[in-house]
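*Asks:* Could you have a look at this structure, given as structure tokens, before my questions?
The values are calculated or read from the model by the stated rules, or taken from the named source; none is laboratory data. Note that the structure is a prediction, hence the values are computed from the model and not measured. Note: ideal-geometry Cβ built from the backbone for every residue, glycine included; neighbour counts use all protein chains shown.
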């Protein structure tokens with residue numbers, strides 16, 4: 001069987017790089033079943049030394065993927081900016097804050113429902129929460145959870161943060177987390193809404 005020019009060019013290119021190319025013809029019944037005339041799998045194998053693997057640790061999750069590429073491009077833009085104002089204008093304020101925090105090792109943050117949350121102890125915690133505030137914990141997707149969101153629809157975006165979120169109010173905070181309250185006693189939700197709002 002004659003190898004088509006394009007495949008032959010690929011083989012010559014790879015061999016020109018000093019690589020050994022294995023040719024594995026695809027069985028004809030499979031080729032014809034897929035509407036092709038011929039098919040050959042080309043395989044290039046490379047042996048990596050164990051020493052090289054052990055010297056390079058895997059990248060942290062925040063250093064890999066599309067997000068890391070985007071952050072790298074933004075950081076390069078900021079590094080090449082002649083002034084701080086020019087650096088800030090290359091990304092929006094929220095991205096600039098995120099980049100600064102990521103480079104300084106500060107816990108990740110995100111905005112939801114007009115509030116800023118920081119990742120602490122496996123919970124998205126409202127930066128306005130103080131330790132002196134009473135905390136009422138509600139189980140997500142429970143009867144109590146849906147009653148809370150009907151009474152306070154403005155908490156909808158914050159309530160979607162997972163696996164847990166702590167939202168600060170004026171005299172009480174609400175934590176949405178597994179194992180929390182599943183039902184309200186009479187008057188309990190009204191009292192919480194009052195404490196949260198006033």
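*Asks:* Looking at the range 139-160, which of its residues are crowded, with 20+ Cβ neighbours inside 10 Å and either modelled with pLDDT of 95 or more or farther than 20 Å from residue 183 by Cβ (or both)?
*Replies:* 144, 148, 158
*Asks:* Moving on to the next point. Of the numbered conditions (1) out of contact with any helix residue (DSSP H, G or I) (no Cβ under 7 Å at 6 or more places or on another chain); (2) part of a loop (DSSP other than H, G, I, E, B), residue 146 fails exactly one; give the number of that condition.
*Replies:* For residue 146, the exception is condition (2).
*Asks:* Assuming residue 166 fulfils every condition listed in (1) in contact (Cβ under 8 Å) with a residue 24 or more places away in the chain; (2) loosely packed, with under 14 Cβ neighbours inside 10 Å apart from one, which condition is it?
*Replies:* All conditions are met except number (2).
*Asks:* Any chance you could count how many residues in the range 169-187 are surrounded by fewer than 14 Cβ atoms within 10 Å (Cβ to Cβ) and out of contact with any helix residue (DSSP H, G or I) (no Cβ under 7 Å at 6 or more places or on another chain)?
*Replies:* Total meeting the criteria: 5.
Residue-by-condition table, conditions (1) assigned to a helix (DSSP H, G or I); (2) touching a strand residue (DSSP E or B) at 6+ places or on another chain (Cβ under 8 Å):
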{"residue": "117", "(1), (2)": "no, yes"}
{"residue": "137", "(1), (2)": "no, yes"}
{"residue": "179", "(1), (2)": "no, yes"}
{"residue": "185", "(1), (2)": "no, no"}
{"residue": "189", "(1), (2)": "yes, no"}
{"residue": "193", "(1), (2)": "yes, no"}
